[in-house]
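One structure is given below, encoded as C-alpha cells.
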Amino acid sequence: MHEVSIAQGLLEIAIDNCKKQGYKGIESIKVKIGKASGVMPDSLLFAFEALKPGTMADKAVLIIDEIPISGYCNSCSSNFTVNDAYVTECPKCGHMSLRIDTGRELNIDEMEVC
Amino acid sequence: MKIKVVTNILEANDRLAAENRKIFQDLGVYVINLMSGPGAGKTSILEQTIKGVRGKINLGVIEGDIAGDDDARRIESLGVPVVQINTGGACHLDANMIRVVMDELPLKGIDLLFIENVGNLVCPAEFNVGEDIKVMLLSIAEGHDKPLKYPLMFQESTALVLNKIDLLPYTNADIEKIKKDSLSLNPKLKIFDVSCRTGEGIGDWVNWLLTIVKK
C-alpha cells in the first residue's frame, strides 16, 4: 500500500549516493526486501518505474532480493525459516514466543553506477 | 562499477522521527501513536480520555485522516488543541507529516499528545513518527481473528485497548481469545477492556495514562 513512498525513499538514497561519489547515472539498484516487511515486490517495481523518469536513475533496473522470515523458537530452541509473509507460531512445536531474525528488511544493498 | 550502499530505505523517516522525539522530549511532551483499523473508535476513546484527564493533565491531538476534518472538529469542540493532517490518500502518517504540523500546537503547554493515525491495521506499525509508545485500539466487532491476522501491530504496541465491549453479548467475538493471542504475540502488552459508549473501563485506562505521563 505504501510502496510509492518506499520507492521514493530508495530513489532518493540511491541518487544521493551516486551524486556524492561523483557518478553520472545509475544502472541498477539491488534491494533486500523481507517477506514480512509488508512491501509487495510487484507494487514496488511498478512505483519505481513510475518515479524514475527524469532522474539519474532513468535507465536503472530495480533488482529485488526477497528475504524469507527466519528466527528462533524460545520454547523448543530450534531455528526456523518459513516462506510466508507472517509467522505467528513455531513451525516445529507451535509455540508463539519467537525471536525473529530476518524478514523485516527494507534495505538498499548495492548499486551499479556509471 | 558497483558500489555498496547498505542503507535502510526507511532511514530518512527514522531519522526524522528521532528528531521529532527529541523536540517533544525537550518540551516535556509525552507522545502516543494511536493506531487501529477504521471505525474501531479512535476519536471516541480520545473524547472519553479528554473528559477523564480534564484538570489533571493537558492534552493535544494530531488527527490523521485521508480526507476530511470531522474528527478534528469533535476534538476541538471539547476545548483541546488539535491539528488535522489530511494524507490525501496515503495509508499512514510518517515522521515528516508530524514535523510539518507540530508547530501549530501549543506544545509547551501540552503534557500528553495523541497522534491519531490513519485507520489501517497494516502500514502505520511500520512508520515511527516520533512517539514514546504505540497504543493500539481494537473493537470487539472486528472479530477475534485480528491479532493473528495483523501480528505486527500487536507486537509493536505497548498497550491494547479493546473497545465496544458493550457489544459482546451481540457478537460471536471471543474476547479471551483476543487476549490470549495478543499476549502470545507480545507478552508485555497491557490490555484494557472499555466501552466508549457506556464509559465502562475508561477509568482504568485514564489512570494508566496518568501514571505513564507523570513518569
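The values are calculated or read from the model by the stated rules, or taken from the named source; none is laboratory data. For clarity, every value in this text was computed on a predicted model and none was experimentally measured. Cβ sites come from the backbone with ideal geometry, for glycine too, and all protein chains shown count toward neighbours. Protein only, heavy atoms only, side chains kept; ligands, DNA and RNA dropped before computing areas. Shrake-Rupley method; radii C 1.70, N 1.55, O 1.52, S 1.80 Å.
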For region B:54-100, give me each residue that is open to solvent by 30 Å² or more (accessible area, probe 1.4 Å), in a helix (DSSP H, G or I) and touching a residue at least 60 places away in the same chain (Cβ under 8 Å). B:Asn96, B:Arg99
Could you figure out which of (1) farther than 14 Å from A:Leu106 by Cβ; (2) outside any strand (DSSP E or B) isn't true of A:Ile63? (2)
A:Cys114 vs (1) at pLDDT 90 or above; (2) exposed (fewer than 15 other Cβ atoms within 10 Å of the Cβ); (3) more than 12 Å from chain B (Cβ to nearest Cβ): all pass except (3)
Within region B:18-53, residues being farther than 19 Å from B:Asp65 by Cα and part of a helix (DSSP H, G or I) number 15
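Only one of A:Glu12, A:Glu89, A:Glu27 is at pLDDT below 95, open to solvent by 40 Å² or more (accessible area, probe 1.4 Å), within 11 Å of another protein chain (Cβ to nearest Cβ) and not in a loop (DSSP other than H, G, I, E, B). Can you tell me which? Break it down into steps so the answer makes sense when it comes.
Numbers: A:Glu89 fails: not in a loop (DSSP other than H, G, I, E, B); A:Glu27 fails: at pLDDT below 95.
Only one candidate passes the filter, namely A:Glu12.
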So is B:Leu10 more than 14 Å from chain A (Cβ to nearest Cβ), in contact (Cβ under 8 Å) with a residue 60 or more places away in the chain, of a type outside the set (Gly, Ala, Ser) and touching a strand residue (DSSP E or B) at 6+ places or on another chain (Cβ under 9 Å) or not? no
Failed condition for A:Asn79, given (1) open to solvent by 60 Å² or more (accessible area, probe 1.4 Å); (2) within 11 Å of chain B (Cβ to nearest Cβ); (3) in contact with an Asp or Glu (Cβ under 9 Å, 6 or more places away or on another chain): (2)
Within region A:41-57, does at least one residue satisfy the condition of being at the interface with chain B (Cβ under 10 Å from one of its Cβ atoms), among the aromatic types (Phe, Trp, Tyr) and open to solvent by 60 Å² or more (accessible area, probe 1.4 Å)? no
Search result, residues across region B:181-215 that are modelled with pLDDT under 95 and loosely packed, with under 14 Cβ neighbours inside 10 Å: B:Pro187, B:Lys188, B:Lys214, B:Lys215
